[in-house]
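Note sheet for the following structure.
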Amino acid sequence: MTMQTYSYRDVLAASERVDWSVETLIGGEKRLDFARPFMPETLARVRALPFLSADEQRVLNQIRGRTYLSIFGLVEEFILPFVLDHARPSLREDDYRTRALLQFATEEAKHIHLFKRFSAAFDQGFATPCAVIGPADAVAKAVLAHPPLAVALIILHIEWMTQRHYLDSVKDDQQLDPVFKDLLRHHWMEEAQHAKLDTMMVEALAAAANACQIDHAITGYLDIVGFLDGGLKQQVEFDLSALESAIGRQLGEAERARFRSVQHQANRWTYLGSGMTHGRFAGTLAGVQPTGALRVAELAKDFH
Ligand SMILES: [Fe+2]
Ligand SMILES: [Fe+2]
């Protein structure tokens, strides 16, 4: 691959136009409204659980919002060092590249902070604690053990997935808590630049790799997807416990089984399928290796 899809200069300029601060989104007058849902139904899928009352469905929706903050916190903890490592070997090569990548890293550090601030606000307002998978450094270590091209692919998947969440499900949803929705909107605004920078990272790493290394990277990417899927399965168990303690009753065995299957699939679509099947992600992957794109598309069928 020789052609570059985007320009560092344009991405940097866009990022400078967008810039916002954490403090304007949460704190002071900006409080979460627990009378409203936090997540769009296409991602939360609480209505597929009719044995929960409308209030209980809203509580589960909010737990899924809390999980969303934690899972993004987790993935951004490996994105940040990866971007810094990618920038460092050629800091003098292209000033726009250096600045755009450092800006990318700064924004991810800001997002980590933003998600922590929202998580703290959530925990203050929610009656019971919600457990989350992790710890972040163990997840980062497991992911970063894969070849850089595999890691760049999962990051590209995550960035496009964020775009899709906002545009397809959040933007036109008038039911959502406005403060939580604003977090999703501001995240989307900066992730749009990250998706472009990641595309350039994938293109650069793929251009420097031979066929065998590319094969290895795609297998690595699929391994990371499998690793994250295992984490999501565990998260569903945590969410089930959090829901039962928040609503003060235990579900029956058949209800729990339905909960596990619906919510695991909802999590798979949220964090895996919606990225794997994003047109831009699939297009970049097909440019790296057409057969790899087919392998990913095949697996994504399980994540709808
Ligand atoms: Fe982010
Ligand atoms: Fe990002």
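The values are calculated or read from the model by the stated rules, or taken from the named source; none is laboratory data. Here the structure is a predicted model, which is why all the values come from computation and not from measurement. FYI the Cβ positions are ideal-geometry reconstructions off the backbone, even for glycines, and counts take in every protein chain you see. The area values use the complete protein model at the heavy-atom level, side chains included, leaving out ligands, DNA and RNA. Shrake-Rupley method; radii C 1.70, N 1.55, O 1.52, S 1.80 Å.
Using Cα positions and a limit of under 17 Å, work out the aspartates and glutamates in reach of K30, with same-chain residues fewer than 8 apart set aside.
Within reach: D123, D177, D182.
Send over the Kirkwood Rh of region 207-304, from the inverse of the averaged 1/r over different Cα pairs, rounded to one decimal Å.
With all distinct Cα pairs of region 207-304 included, I get 15.2 Å.
Over its Cα atoms, what ratio of radius of gyration to 2.2 N^0.38 Å does region 131-287 give?
1.18
Which value, in debye to the nearest 20, describes the size of the charge dipole of the chain about its Cα centre when Lys and Arg Cβ atoms bear +1, Asp and Glu Cβ atoms bear -1, and nothing else is charged?
Roughly 340 debye for the chain.
Apply the a/c threshold of 1.5 to the C-alpha gyration tensor of region 126-189 and tell me whether it is rounded, prolate or oblate. Don't jump to the answer; show the numbers that get you there.
Details: a/c = 3.67, a/b = 1.41, b/c = 2.60.
Taking the square roots of the gyration eigenvalues as a ≥ b ≥ c, region 126-189 is oblate.
What is the local net charge at W20, summed over the other residues whose Cβ is closer than 12 Å to its Cβ (Lys, Arg +1; Asp, Glu -1)? Present the calculation step by step, with values, prior to reporting the outcome.
On the way: positive: R17, K110, R185; negative: E16, D19, E23, E107, D182, E190.
With Lys, Arg at +1 and Asp, Glu at -1, the neighbours total -3.
Take the Cα radius of gyration of region 5-111 and divide it by 2.2 N^0.38 Å, with N its residue count; two decimals is plenty.
1.46
Sticking with the crude label model, points 7 Å out along Cα→Cβ, report the distance from V262 to L294 in nm, one decimal please.
3.8 nm
Would you tally the net charge around L144, using a Cβ to Cβ cut-off of less than 15 Å, leaving L144 out, and scoring K and R as +1, D and E as -1?
Charge balance near L144 sits at -4.
Give, as a single signed number, the net charge of other residues whose beta carbon lies under 11 Å from the beta carbon of A242, with Lys and Arg counted +1 and Asp and Glu -1.
-1
Binned at 20 Å from 0, what are the whole-percent values of the Cα-Cα distance distribution for the chain, short to long?
The percentages, shortest bin first, are 34, 57, 9, 0.
Which entries of K171/K196; K141/K171; K110/K233; K116/K301 have Cα-Cα distances beyond 31 Å here?
K141/K171; K116/K301
R36 to A13: FRET efficiency via 1/(1 + (r/R0)^6), r the Cβ-Cβ distance, R0 30 Å, to the nearest 0.05?
That gives a FRET efficiency of 0.25.
Using only the alpha-carbon atoms, how far is helix 148-164 inclined from the longest principal axis of the chain? Give it as 0 to 90 degrees, nearest 10.
Rounded to the nearest ten degrees, it is 50.
Calculate how steeply helix 290-300 sits against the longest principal axis of the alpha-carbon atoms of the chain, using the helix alpha-carbon long axis, and give the answer as 0 to 90 degrees to the nearest 10.
Tilt of helix 290-300: around 0 degrees.
Carbon and sulfur together cover what percent of the accessible area of the chain at a 1.4 Å probe radius?
Values: 7170 of 13340 Å².
After summing per-atom areas, the C and S share lands at 54 percent.
Find the accessible area per residue for region 70-133; the probe is 1.4 Å, ligands and nucleic acids are left out, and the unit is Å².
So region 70-133 comes to 48 Å² accessible per residue, rounded to a whole number.
Given the -39500 (n - 2.57) contribution per DSSP H run of 4+ residues, what per-residue ellipticity at 222 nm results for the chain, rounded to the nearest 500 deg cm²/dmol?
It comes out at -23500 deg cm²/dmol, rounded to the nearest 500.
Compute the angle between helix 95-125 and the longest alpha-carbon principal axis of the chain, please, reported from 0 to 90 degrees and rounded to the nearest 10.
Orientation of helix 95-125: about 10 degrees from the principal axis.
Can you give the three extents of the C-alpha atoms in region 14-63 along their principal axes, from longest to shortest, in whole Å?
47, 27, 12
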